[in-house]
Amino acid sequence: WSVYYNGVKIDGASPESFTVLTDWYARDTSKKIHAVFKAKGQSGKPLSLPIYGHKASEEEKHKWIIDDEPAAVVRKIYKPCISGYGPIQIDRKLTEKGIPNPTAYAISQGRNPANKNSRLDRWCTETVIDILEHSEYIGHTVNFRTRRKYYKNKRKIENPKEDWLIFENTHEPI
């Protein structure tokens, strides 16, 4: 076997050493990608796709602008909350009115939704709570909310709030 690693040719490499080298390469690549994401996140650019109620600007891909149809739904969530209604009451009203939940809206727009197992005909209390708790709806960008422990493990781990980077007034609030 001949293997190239970082431009260096290694003759007579066994399949086992080839496996080790490919693992090193994957780890090295993962570290580089992590460094790029960290720099991007520290600069104030959002690391995630736009959340429900926002969309990416066509002129500047890292800038979020208001998506009118779902933004109206977000306002329908905040108004009763301010009036004293709880998330359960709000999700029931949205379901009764037949307002599409974020997953149903994403599918109607031809996007690949994050939660493929969601019931499209009803709102979930957790969805309402998530919308009420996200600072992005008041115009802030929040980076490093989650992380991955190891490059081979795709499971997300919640970071403590003190590790989040919050950049205020980075886009128009709903």
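The values are calculated or read from the model by the stated rules, or taken from the named source; none is laboratory data. Just so you know, these numbers come straight off a predicted model, no measurement behind them. Cβ sites come from the backbone with ideal geometry, for glycine too, and all protein chains shown count toward neighbours. In case anyone asks, the SASA skips ligands and DNA or RNA and just uses the protein heavy atoms, side chains included. Shrake-Rupley method; radii C 1.70, N 1.55, O 1.52, S 1.80 Å.
Here are some notes:
- Spans of helices (runs of 4 or more DSSP H) in the range 1-111 with at least 2 residues open to solvent by 70 Å² or more (accessible area, probe 1.4 Å) and at pLDDT 90 or above: 15-42, 68-82, 87-96
- Residues being under 16 Å from Thr127 (Cα atoms) and polar (S, T, N, Q) - total across the range 80-116: 5
- Considering the range 112-123, and only residues there that are surrounded by 15 or more Cβ atoms within 10 Å (Cβ to Cβ) and of a type outside the set (Phe, Trp, Tyr), the residue that is modelled with the lowest pLDDT turns out to be Ser118.
- Unique match (being open to solvent by 70 Å² or more (accessible area, probe 1.4 Å), within 30 Å of Arg92 (Cα to Cα) and not hydrophobic (A, V, I, L, M, F, W, C)) among Glu162, Glu126, Glu136, Glu168: Glu126
- Residues of the range 113-152 satisfying the condition of being assigned to a loop (DSSP other than H, G, I, E, B) and under 13 Å from the mean Cα position of the chain (by Cα): Pro113, Ala114, Asn115, His134, Phe144, Arg145
- When the range 129-174 is filtered for residues that are of a type in the set (Lys, Arg) and closer than 26 Å to Thr29 by Cα, the ones remaining, listed by number, are Arg145, Arg147, Arg148, Lys149, Lys152, Lys154, Arg155, Lys156.
- Candidate set: the range 139-159, residues that are over 16 Å from Tyr52 (Cβ atoms) and in contact with a Gly (Cβ under 7 Å, 6 or more places away or on another chain); chosen: the one surrounded by the fewest Cβ atoms within 10 Å (Cβ to Cβ): Phe144
- Filter result (free of Cβ contacts under 8 Å to residues at least 60 places away in the same chain and farther than 13 Å from His134 by Cβ) within the range 162-174: Glu162, Asp163, Glu168, Asn169
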